[in-house]
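Here the structure is laid out as C-alpha cells; the discussion comes afterwards.
The values are calculated or read from the model by the stated rules, or taken from the named source; none is laboratory data. Computed from a predicted structure; not experimentally measured. Here the Cβ positions follow ideal geometry from the backbone for every residue, glycine too, while neighbour counts run over all protein chains shown. When the accessible area is computed, the model is the full protein with side chains, heavy atoms only, and any ligands, DNA or RNA have been set aside. Shrake-Rupley method; radii C 1.70, N 1.55, O 1.52, S 1.80 Å.
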Amino acid sequence: MESLQSADRPIVLPALLLCDFGHLNDEVKRLEAAGAKAMHLDVMDGLFVPQLTYGLVVVEAVRRAATVPIEVHMMVERPDDTAIQYAKAGADIVTVHIEGLAKTKETLSAIEAEGSQAHLAISPNTPVSQVEPFLNSCSGVLVMSVEPGFGGQAFQTSAIDKIQKLEEIRASIGHDFCIGVDGGISTKTIASVAQAGADLIVAGSAILRQTDYAEALRELETLARKSK
Ligand code: DX5
Ligand code: ZN
C-alpha cells in the first residue's frame, strides 16, 4: 500500500466496470499482465446511482484473483455500516461518497481500524469544502469527473479546479493524502488531471474498451508521468 502513497504516483487504476464479467478471473490476470499496479471496483446499489453492479461476493472473488491492491468505490446510499465489510474482505482502499454518509468520521475510522485506507469521494456537484473537515481523518479524496453511475461518459473539466484546490490544501496541511480522479479519463484528459495533482487516476473505457490493455495502460501512464 505504501507504493500507492508516494513513490510510484501517479498510478493509473483500471476500473473493472467494463470488463467481461463472464471471465472475471481472466480479466484480472490480463490487467495485471498489462502492468496494472492497482484496480478500481465500482460497487453500485441502484439507489445512490441508477445502476446496480455487484457487491461483496464479487469483490471477494477479485481479491482472491488479484495480487495488486484493490480500491472499492462504493456508490451506495448509507455506506456507513457496510463499508467495513469491504475492508474486512481485503480492499486496500475503501472509497465512500460523502453525499451518502451519515456518520462520516466514524465510518472513516472504522475502515482504517481494519487496516484499509479510507477515501472520501465527491460527486461533480459537491464542493471540496465539504470534505475539508475530514481530510485529517481519511487517506485520500476521489474527485468524480463524471456523474457517478456509468462508464464511458465525457470528462467534466470542473474536476481540474477541485484537484488543484486539494493539492494546495495537501501542501498546506502537511498530511499526504492521495488525490484520486474518476470518470472520462483518456489520452486527451489524463495530462490535465496529473498536472493538477491527481495521483490515483481511474480509467475504465480508456483501457477496457481497447484491444491491447498493456498498450493502453502504458500510454496513459506515460502521459500522466510526463505532465507531473
Ligand atoms: C463511474 C465509475 C467509474 C467508471 C469509469 O461511476 O465510478 O469508475 O467505471 O469509467 P470511464 O473511465 O469509462 O469513465
Ligand atoms: Zn469508480
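Among the listed residues Thr211, Thr187, identify the single one that is in contact with a Leu (Cβ under 8 Å, 6 or more places away or on another chain) and either more than 23 Å from Ala83 (Cα to Cα) or free of Cβ contacts under 8 Å to residues at least 24 places away in the same chain (or both).
Values: Thr211 fails: in contact with a Leu (Cβ under 8 Å, 6 or more places away or on another chain).
Just one listed residue meets the conditions, Thr187.
Looking at (1) in contact with a Lys or Arg (Cβ under 6 Å, 6 or more places away or on another chain); (2) at positive phi, can you tell me which one Gly183 breaks?
Condition (1) is where Gly183 drops out.
Just to be sure before I move on: is Val94 within 15 Å of ligand 2 (Cβ to nearest atom) and closer than 26 Å to Ala34 by Cα in the structure I sent?
Values: within 15 Å of ligand 2 (Cβ to nearest atom): yes; closer than 26 Å to Ala34 by Cα: yes.
The answer is yes for Val94.
Taking the conditions exactly as written (of a type in the set (Ser, Thr, Tyr), closer than 17 Å to Glu147 by Cβ, open to solvent by less than 40 Å² (accessible area, probe 1.4 Å) and at pLDDT 95 or above), does Ser116 satisfy them or not? Let's see the steps before the verdict.
Working: of a type in the set (Ser, Thr, Tyr): yes; closer than 17 Å to Glu147 by Cβ: no; open to solvent by less than 40 Å² (accessible area, probe 1.4 Å): yes; at pLDDT 95 or above: yes.
No: the conditions fail for Ser116.
Can we say Gly149 is more than 24 Å from Cys19 (Cα to Cα), buried (at least 17 other Cβ atoms within 10 Å of the Cβ) and small (Gly, Ala, Ser)?
On the way: more than 24 Å from Cys19 (Cα to Cα): no; buried (at least 17 other Cβ atoms within 10 Å of the Cβ): yes; small (Gly, Ala, Ser): yes.
Taking the combined requirement at face value, the residue does not satisfy it.
Considering every residue within the range 76-99, establish whether at least one is over 16 Å from the mean Cα position of the chain (by Cα), of a type in the set (S, T, N, Q), open to solvent by less than 40 Å² (accessible area, probe 1.4 Å) and more than 23 Å from Val12 (Cβ to Cβ).
Within the range 76-99 (the criterion being over 16 Å from the mean Cα position of the chain (by Cα), of a type in the set (S, T, N, Q), open to solvent by less than 40 Å² (accessible area, probe 1.4 Å) and more than 23 Å from Val12 (Cβ to Cβ)), the answer is no, since none of the residues qualifies.
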